[in-house]
1. How high is the relative contact order of the chain, in percent, counting Cα pairs under 8 Å that sit 6 or more residues apart?
2. Along Cα→Cβ, 7 Å out, is where each label goes; now give me the distance between the ones at residue 85 and residue 49 in nm to one decimal.
3. When all alpha-carbon pairs of the chain are counted, what percent fall beyond 22 Å?
4. By how many degrees, between 0 and 90 and to the nearest 10, does the Cα long axis of helix 60-69 differ from the longest principal axis of the chain?
5. With each label point set 7 Å from Cα along the Cα-Cβ vector, what nm distance links residue 133 and residue 39?
6. Can you tell me how much longer the chain between residue 9 and residue 124 gets when fully stretched, taken as 0.36 nm per residue apart minus their C-alpha distance, in nm with one decimal?
7. Kindly express, to the nearest 10 degrees and within the range 0 to 90, the angle between helix 39-55's C-alpha long axis and the longest C-alpha principal axis of the chain.
8. By how many degrees, between 0 and 90 and to the nearest 10, does the Cα long axis of helix 19-29 differ from the longest principal axis of the chain?
């Protein structure tokens, strides 16, 4: 069996694994916690690492070009926009009440309503204007 098929079989086998098994696999490849424990996120990142180890990572010139593209003309690094994974849950405790927000296609679901921003949800919860990323503890 060629290396390509071995890698393909390893990746296909990931779909049959539980989130616990995928989390353990994650720990063999990465020395930090995953951003999400959703199965699709874990499968995609572990599958990438399997391919990277088998076939090599991005070429040096590609990595350099990506670094260049992430820098403004004045030399400051471009801030990455927060893009949560669909299905992720955001939990916030505020005034002894727990609020749960689910990331959906096109926004955030809260109490049966879809909002385009976390700021709108934070404002609805508190009654005052808030930066949603700050309110939910995603950004300091």
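Each value in this text was obtained by applying a stated rule to the coordinates, not by laboratory testing. Owing to the predicted nature of the structure, the values given are computational and were not obtained by experimental measurement. Neighbour counts run over all protein chains shown; Cβ positions are idealised from the backbone, glycine included.
1. Relative CO of the chain lands at 12 percent.
2. About 1.3 nm separates the two model spin labels.
3. 58
4. With both axes taken from Cα atoms, the answer is about 20 degrees.
5. Modelled inter-label distance: 3.2 nm.
6. Value of the extension gain: 36.6 nm.
7. Once rounded, one gets 30 degrees.
8. In the chain, helix 19-29 runs at an angle near 60 degrees to the longest axis.
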